[in-house]
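Each reported figure results from applying straightforward, stated rules to the coordinates on display, with no laboratory input. Here the structure is a predicted model, which means the values were calculated and not measured. Neighbour counts are summed over all protein chains in view; Cβ atoms, including those assigned to glycine, are modelled from backbone coordinates with ideal geometry.
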Amino acid sequence: MSALITSPNAEATPSGTMAALRSGLKSTFGRRAAQALLVASSASLLAAPSIAADAYAVEGYWLTSGGKSIVEIAPCKAGSHKRLCGTVVWNSDEAVDAVGKQVMTSFRLAGNRSGDKWAKGKIALGGASKGKAGKLAVKGGKLKVSVCKGSSSRCKNQSWTRPSAAMTAEAGLTGGA
């Protein structure tokens, strides 16, 4: 320890990692070591949200307004939560042929990472063959489904709710509401 104590007038040139840290990372080695550490820690932080986000609030079963269909919202690709799609998994006796039809495609996370707002997807509701631009927003246990024509200010909104556990069981769906 006494070797590190020098007079204020003496200039020593320490070497190595500890010296780089003491000198304010003035050496090339110290700067590169700090940069490598920063890159490694940043990469792990960026990867964390995709690993931690097993499911978003919007995912799961939703009972459409009017209660005629149950739509399951899930990742379009298994294991990837970048885009969500919606498929009819139950329909009232009036339109049984709609079961299995994909009514939502390619919704992407919009705004924040909490997963309560999704946009840039297509929605084909009410037997429409072609999807229109749409948005999804989860608030207070309800799903606001917006189907838009042209500009985003001309949207028709629906409010969907979670089906009861009894309803999902009766429909033969696993996982419940």
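For the reader, a short list of remarks on this structure follows.
- Residues whose amide H comes within less than 5 Å of that of residue 101, counting only those at least five positions distant or on another chain, are 88 (H built at 1.01 Å from N in the peptide plane).
- Across region 60-170, the relative contact order, built from alpha-carbon pairs under 8 Å that are at least six residues apart, equals 19 percent.
- Gain in span if fully extended, residue 98 to residue 154, counting 0.36 nm per residue against the direct Cα distance: 17.5 nm
- Distance between modelled label sites at residue 106 and residue 169, nm, 7 Å Cα→Cβ extension: 4.0 nm
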